[in-house]
1. Which pairs do you get when a residue that is touching a residue at least 24 places away in the same chain (Cβ under 8 Å), found in region 225-239, comes within reach of a residue that is not in a helix (DSSP H, G or I), reach meaning Cβ atoms under 7 angstrom, with the pair 6+ apart or on two chains?
2. Let me confirm something: among 149, 191, 221, which residue is modelled with pLDDT of 85 or more, of a type in the set (Val, Ile, Thr) and surrounded by 14 or more Cβ atoms within 10 Å (Cβ to Cβ)?
3. Looking only at helices (runs of 4 or more DSSP H) that lie completely in region 37-125, which have at least 3 residues being under 23 Å from residue 141 (Cα atoms) and open to solvent by 40 Å² or more (accessible area, probe 1.4 Å)?
4. Name the single residue, out of those in region 128-163 being of a type in the set (D, E, K, R) and part of a helix (DSSP H, G or I), that is farthest from residue 87 (Cα to Cα).
5. Tell me, yes or no, whether region 152-165 has at least one residue that is of a type in the set (Ser, Thr, Tyr), closer than 30 Å to residue 55 by Cβ and surrounded by 13 or more Cβ atoms within 10 Å (Cβ to Cβ).
6. Pick from region 335-384 the residues that are of a type in the set (Ser, Thr, Tyr) and under 29 Å from the mean Cα position of the chain (by Cα): which of them is surrounded by the most Cβ atoms within 10 Å (Cβ to Cβ)?
7. Would you say residue 213 is open to solvent by 50 Å² or more (accessible area, probe 1.4 Å) and not small (Gly, Ala, Ser)?
8. Select from region 224-248 the residues that are surrounded by fewer than 16 Cβ atoms within 10 Å (Cβ to Cβ) and over 29 Å from the mean Cα position of the chain (by Cα) and list them in ascending order.
Amino acid sequence: MASAAEQLASNLNFSAFAKAEDLKKRIWFTLGALLVYRLGTYIPIPGINPDAFAQAFQQQSGGVLGMFNMFAGGAVGRMAIFALGIMPYISASIIMQLMTSVVPTLEQLKKEGEQGRKVINQYTRYGTVLLATVQAYGIAVGLESGSGIVADPGWFFKLSAVITLVGGTMFLMWLGEQITARGIGNGISLIIFSGIVAGLPSALSGTLELGRTGALSTGIILAIIVLAVAVIAVIVFFERAQRRLLIQYPKRQVGNRMFQGDTSHLPLKLNTAGVIPPIFASSLLLLPATVAGFSQSTTLPGWANSLLATLGHGQPLYMLLYAGMIAFFAFFYTAIVFNPKDTADQLKKHSGFIPGYRPGERTAEYIDYVLTRITVVGAIYLVLVCLLPEFLISATGVPFYLGGTSLLIVVSVTLDTVSQVQGHLIAHQYEGLIKKSKLRGGKRGK
């Protein structure tokens with residue numbers, strides 16, 4: 001077994017990649033699907049004046065529109081058919097995962113295996129349609145309130161805009177599922193990743209242009225580059241960090257022979273929640289200012305104007321609430337995606353145990369204790385990674401694309417994609433070793 005593993009490790013190189021025809025097909029399919037997505041971000045919805053909208057968007061790009069425009073790959077700035085992006089699907093998934101923890105019927109479906117997951121996925125799609133419809137209608141109303149943006153305001157425009165935007169979101173949801181099934185995996189994450197990466201060149205050129213015109217000094221630009229490299233290094237380190245719990249299995253007797261008990265590890269990621277906490281914290285905090293900007297109302301009470309001013313991007317209250325929400329969602333989402341009790345039950349079912357702890361409830365309590373402690377570290381990491389670049393953005397006015405959230409998404413998805421490719425290569429290598437062993441066995445038989 002050891003020699004086979006050594007042979008496998010030595011063969012994981014470019015020649016192995018060249019022979020992995022299935023992997024190459026998956027990569028080409030993924031690239032083709034992402035190209036279709038990028039083309040869709042340039043097709044505007046019918047009935048709007050692109051120039052008038054671009055002018056209005058510039059006034060609101062500092063709010064949640066700027067953040068969503070980053071996640072949507074620039075589609076919001078062009079009011080394209082993919083302007084809603086994949087965010088309604090992500091929101092529906094979060095809501096459905098929460099409901100599976102509190103609704104007994106859905107919790108039972110979750111335990112039914114593949115069939116139950118299919119039903120839950122179908123409910124998630126229904127929720128996506130509902131959320132996308134509400135958001136699309138809000139966008140249509142907001143567009144009509146703008147001066148000269150909509151050529152012919154009315155119910156026909158609202159209906160066509162809602163159908164177009166909801167259809168775009170549903171297509172992206174389907175496209176993400178296809179990338180996951182027929183591509184290299186992580187379909188939804190790769191769609192968001194490609195949107196952010198597509199905006200990085202313009203963000204970098206815009207920052208350099210600010211330096212050329214004197215708006216930013218050379219020292220600040222160098223500090224931005226150094227900070228970005230440091231943030232990337234920190235993200236790579238913490239995203240790879242794990243706490244491994246030792247799992248032991250008892251000795252077993254087969255016939256007259258006694259086999260020594262096996263040992264393995266239960267890996268607990270330092271950042272189990274991934275990129276979800278900063279995404280939702282940003283969206284919730286920037287939403288009030290954007291709603292107020294869309295309404296274009298001059299009759300807001302004084303307290304509302306003061307509150308909106310204190311919640312502005314880069315303000316102390318905004319930073320404080322941003323940090324608190326990131327920490328909250330880190331614990332909240334970790335509790336949804338990882339259940340210590342289920343893990344302990346699975347270990348007990350397969351006769352595994354953690355040394356020093358009884359199988360069952362005591363094991364679940366210990367796993368929960370360890371998970372809570374490392375989640376504290378993970379939450380602090382997320383807050384620092386997302387908040388330090390925010391101070392730089394508020395002080396210098398560099399684009400959202402150079403913020404901690406965007407770098408976190410890009411680096412995390414890149415690491416996951418590399419792991420997926422390595423997994424496919426390992427599977428291909430194992431298949432090759434099995435075929436060779438079968439051929440050798442057949443020759444010896446002859």
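The values are calculated or read from the model by the stated rules, or taken from the named source; none is laboratory data. As the structure is a computational prediction, the values presented were derived from the model and not from experiment. All Cβ positions, even for glycine, are placed from backbone atoms using ideal geometry, and neighbour counts span all protein chains on display. Calculation scope for accessible area: heavy atoms of the full protein, side chains included, ligands and nucleic acids excluded. Shrake-Rupley method; radii C 1.70, N 1.55, O 1.52, S 1.80 Å.
1. Within 7 Å, the pairs are 238/270; 238/271; 239/271.
2. Every option except 191 fails the conditions.
3. 50-60
4. 144
5. yes
6. Per the criteria, the residue is 375.
7. Against the criterion (open to solvent by 50 Å² or more (accessible area, probe 1.4 Å) and not small (Gly, Ala, Ser)), residue 213 qualifies.
8. The answer is 246, 248.
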